[in-house]
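What follows is calculated from the coordinates using simple rules that are stated; it is not laboratory data. Keep in mind the model is a prediction, meaning the values are calculated, not measured. FYI the Cβ positions are ideal-geometry reconstructions off the backbone, even for glycines, and counts take in every protein chain you see.
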Amino acid sequence: MQPEHQRPDGPTPPPTTEPTPPPNQPGPQGRDPQDGPDSRGQRDQQYRQAPVSAPTEGGAQGGGASIHNIGYRSYEGTRLGRGYARRSLFAQSLRGGYGLGRSAKSKVMPMILAAVMCVPALIVVAVAIATSDIVRELSMDYREYATFLAPVIGLYLAAMAPQSVSRDLRFHTVPLYFSRPIERVDYVLAKYAGMASALFVFTAVPLLVLYAGALLAELDFAEQTAAFALGLVSVAVLSLVYAGVGLVVAALTPRRGFGVAAIIAVLTIPYFAVNTVQVIAWDQGATEAVGWLGLASPTSLVAGFTSAFLDGPSSFVDGIEPSTGVGFVYLVVVLALVAGSYAVLMARYRKAGL
Amino acid sequence: MYDPTVARLTYRALLGRRRALILSALPALLLVIAIAVRLLDAADDAVAVQLLSSFALATMVPIIGVIAGTGAIGPEIDDGSIVYLLSKPLKRPTIIVTKLFVAVAVTMAFSGLPILVAGFILVGGSQQIAAAFAIAAIVASIAYSALFLLLGTVTRHAVVFGLVYALLWEALFGSFVDGARTLSVQQWGLAVAERVVGDGVDVTSAVGLTTAAILLAVVTVAGTWYAGQRLKRLALTGEE
């Protein structure tokens with residue numbers, strides 16, 4: 001039911017919201033959606049006339065095209081604006097990270113990975129409760145948990161970052177987002193925040209399990225709470241760094257399978273390389289180099305940052321921690337990585353979908 | 001059982017554009033590390049084994065296998081262009097076998113060769129370390145390609161599942177549960193390396209050579225056969 005004629009003169013009607021009158025009957029001028037209650041009466045009148053007049057006219061004149069008034073109306077309610085659109089996009093991205101509001105199939109992967117993420121925490125808790133009168137601490141610290149399960153977090157990011165940004169690019173739906181009252185910065189921020197929040201939930205829930213278990217086992221409250229809080233800070237930093245890296249890679253490689261592999265490659269390969277080279281450096285007695293080498297992969301970067309600033313145990317070879325000076329380099333690199341990811345995403349969406 | 005046209009198309013799909021970049025980035029990184037270690041004069045047999053087993057064989061080979069194995073068929077099924085291939089008078093197992101050949105060749109070229117070169121850079125011909133790991137990588141790449149090609153026909157999330165297997169099963173569970181290591185392509189490859197390498201070099205596999213050979217053959221043949229069956233009754237479905 002498309003209107004078959006465009007009105008030759010007068011203001012162009014807003015798309016799909018207004019019926020176009022037949023060319024020989026120019027409608028009242030200035031019928032914009034915002035022009036107030038006065039015009040509404042006029043328009044309603046037209047709606048009532050049109051279905052009667054238009055078809056008979058067309059039919060009677062024999063072969064002349066006719067325009068049916070099917071009663072489209074313009075939106076008269078309040079417009080919720082840019083902030084609302086941004087919040088919605090954020091909420092949808094966060095929910096999409098767990099397949100909520102989507103098909104059962106798309107819930108499988110994130111839920112399985114989230115369960116895998118919690119299993120070691122449950123084991124640690126079970127051990128802690130069973131042995132609580134002998135050992136007065138958890139066998140795994142809150143701050144080394146994420147480093148230990150880095151492959152699982154990497155897989156989650158690899159599965160979720162492409163579905164968050166690649167589909168929009170692949171199916172050219174990005175221009176539709178920008179037809180709403182949001183700007184490029186809103187889209188990038190909402191997607192970044194959504195991915196980082198999904199990752200934070202993913203990494204913080206196991207810590208919560210550990211903390212609850214520690215309290216159940218009646219371990220020292222103050223000590224556990226402090227470590228838990230620092231653990232949350234460390235996974236927050238991890239979420240920001242990972243989300244940035246994952247989204248940048250996903251936005252640059254819109255083909256699905258390829259994006260997944262590329263994210264895993266970017267996260268895993270440098271990490272394994274760093275681990276291997278660190279062990280070799282340590283073998284050769286170059287203890288100082290171990291700290292510097294940790295800068296070379298996202299996972300060891302966050303691990304080194306955690307051990308340098310958040311008092312966590314070091315996951316590097318032989319428990320070597322980065323020295324204070326190198327620790328500040330870690331901080332700078334973390335900040336640069338987050339800011340850099342944001343800048344690359346902003347640049348990526350400058351021409352998206354065109 | 002081998003169709004040159006399908007092979008040519010698959011080579012082009014695998015090595016076209018940025019895929020070739022990521023494929024060659026990994027071997028390049030291995031070679032850079034090998035050269036750096038050599039220049040720092042830190043290269044001895046133990047270091048070479050550490051680098052070649054924990055980085056090259058455990059990380060690089062599976063990831064290249066995932067990219068080549070699923071990349072040989074996954075994208076075509078994903079975007080539906082596989083129907084143009086399926087509508088040609090070709091037996092579907094032929095398509096699978098051809099694609100397997102291509103995937104194995106690509107995985108071998110991008111993993112076996114660099115490992116051989118990296119091994120020679122590190123320690124030369126000492127104790128046949130370079131040759132042993134190159135052979136292990138070649139053996140592993142056959143099984144990985146068959147496995148991941150099968151995954152590509154089974155699920156649309158082949159890359160993720162392939163990586164779950166390669167990273168979680170082989171790396172994470174394998175380090176806790178000994179049983180998991182028996183069912184690990186990486187260990188089968190190591191079993192071969194263990195046999196080739198000279199005495200006094202610390203290369204140990206969780207499985208014996210005979211078991212490894214049998215499992216390798218079974219996985220490759222059964223995986224290829226079942227992939228052919230899957231392709232025979234492939235249903236093209238929409239996006240989720």
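Per residue of the range B:46-59, what does 6.51 cos²θ - 1.76 cosθ + 1.60 with θ = phi - 60° give for ³J(HN,Hα)? Whole Hz please, x for Gly and Pro, Karplus curve as stated.
So the J values, rounded to whole Hz, are 5, 5, 4, 5, 4, 5, 6, 7, 7, 9, 5, 6, 7, 10.
Could you compute the FRET efficiency for B:Ile214 and B:Arg38, with r as their C-beta to C-beta distance and R0 at 51 Å, rounded to 0.05?
It comes out at approximately 0.85.
Evaluate peptide A:97-110: per residue, the Cβ atoms of other protein chains within 10 Å of its Cβ; return the mean as an integer.
That average works out to 1.
Report the relative contact order of the range A:196-251, percent, no decimals, based on alpha-carbon pairs under 8 angstrom and at least 6 residues apart.
It comes to 56 percent, rounded to a whole number.
How many partner chain Cβ atoms sit within 10 Å of a residue's Cβ in peptide B:161-168, on average, as a whole number?
Taking all residues of B:161-168 together, the mean is 6.
May I ask you to evaluate 6.51 cos²θ - 1.76 cosθ + 1.60, the Karplus curve with θ = phi - 60°, for each residue of the range B:216-222 and list the ³J(HN,Hα) values in order in whole Hz, giving x for glycine and proline?
Coupling constants for the range B:216-222: 4, 4, 4, 4, 5, 5, 5 Hz.
Quick check: net charge around A:Phe309, other residues with Cβ under 11 Å of its Cβ, Lys/Arg +1 and Asp/Glu -1?
Taking every Cβ under 11 Å from that of A:Phe309, the sum is -1.
Could you pull out every one of the lysines with an alpha carbon less than 30 Å from that of A:Lys107, ignoring same-chain neighbours closer than 8 positions?
Result set, ordered by chain and number: A:Lys191, B:Lys232.
How much length would be gained if the chain were fully extended between A:Ala65 and A:Glu218, taking 0.36 nm per residue of separation minus their Cα-Cα distance, in nm to one decimal?
Extra length available between A:Ala65 and A:Glu218 comes to 46.8 nm.
How long is the gain from A:Glu288 to A:Glu76 if the chain were fully straight, where each residue apart is worth 0.36 nm and the alpha carbon distance is subtracted?
69.6 nm
Given points 7 Å out from each Cα along the Cα-Cβ axis, report the B:Arg233 to A:Phe178 separation in nanometres with one decimal.
4.7 nm
Mind checking the dipole of the range B:21-137: about its Cα centre, +1 per Lys or Arg Cβ, -1 per Asp or Glu Cβ, Debye to the nearest 20?
480 debye
Equivalent ellipsoid semi-axes for the range A:84-348, as square roots of 5 times the alpha carbon gyration tensor eigenvalues: give them largest first, rounded to whole Å.
With the √(5λ) rule applied to the range A:84-348, the semi-axes are 32, 23, 16 Å.
Give the relative contact order (percent, whole number) for the range B:89-240; include only Cα pairs under 8 Å separated by 6+ residues.
30 percent
Beta carbons within 10 angstrom, averaged per residue: use that to sort the peptides A:170-178, A:271-279, highest first.
A:271-279, A:170-178
In the protein assembly as shown, how does Rg compare with the Kirkwood Rh, expressed as the Rg/Rh ratio over alpha carbon atoms?
Radius of gyration relative to Kirkwood radius: 1.09.
To the nearest 0.05, how large is the calculated FRET efficiency for B:Ala20 and A:Arg170 if R₀ is 22 Å and r is the Cβ-Cβ distance?
0.60
For a paramagnetic label modelled at 7 Å from the Cα of B:Thr5 toward its Cβ, which residues of the range B:69-92 fall within the zone defined by backbone nitrogen distances under 15 Å?
Within reach of a label on B:Thr5, which here means backbone N under 15 Å from a point 7 Å along Cα→Cβ, the range B:69-92 contributes B:82-92.
By how many degrees, between 0 and 90 and to the nearest 10, does the Cα long axis of helix B:61-71 differ from the longest principal axis of chain B?
So the helix axis and the longest Cα principal axis differ by about 10 degrees.
Could you sort B:66-77, A:234-245 so that the peptide with the highest average Cβ count within 10 Å comes first and the rest follow in order?
B:66-77, A:234-245
Which is farthest toward the positive dipole end of the protein assembly as shown among A:Asn275, A:Leu230, A:Pro298, measuring Cα position about the Cα centre, with Cβ charges +1 (Lys, Arg) and -1 (Asp, Glu)?
Toward the positive end, the furthest listed residue is A:Pro298.
With viscosity set to 0.890 mPa s at 25 °C, what whole-number translational diffusion coefficient in µm²/s follows for the range B:99-165 from Stokes-Einstein and a Kirkwood radius over Cα pairs?
Here the translational diffusion coefficient equals 192 µm²/s.
If you take the beta carbon distance between A:Ala229 and B:Lys88 as r and set R0 to 60 Å, what does 1/(1 + (r/R0)^6) give as a FRET efficiency, to the nearest 0.05?
0.45
For the range B:4-232, take N as its residue count and report Rg(C-alpha) divided by 2.2 N^0.38 Å.
Here the answer is 1.02, to two decimals.
Using 14 Å as the cut-off for backbone N distance, which residues of the range B:13-29 belong to the label zone defined by a point 7 Å from the Cα of B:Asp79 along Cα→Cβ?
What the label zone holds, given the 14 Å backbone N cut-off, is B:13-19.
Counting only Cα atoms, I'd like the Rg/Rh figure for the range A:213-273, Kirkwood definition for Rh.
1.24
Per-residue HN-Hα couplings for the range A:329-344, Karplus 6.51 cos²θ - 1.76 cosθ + 1.60 at θ = phi - 60°, whole Hz, x for Gly and Pro?
4, 4, 4, 4, 5, 4, 4, 5, 5, 5, 5, x, 4, 4, 5, 5
Using Cβ contacts closer than 10 Å as the measure, can you line up A:Ile320, A:Ile112, A:Ile153, A:Ile263 from fewest to most?
A:Ile112, A:Ile320, A:Ile153, A:Ile263
Enter the Cα centre distance for the pair the range B:172-233 and the range A:69-120, rounded to the nearest angstrom.
Value for the Cα centre distance between the two parts: 42 Å.
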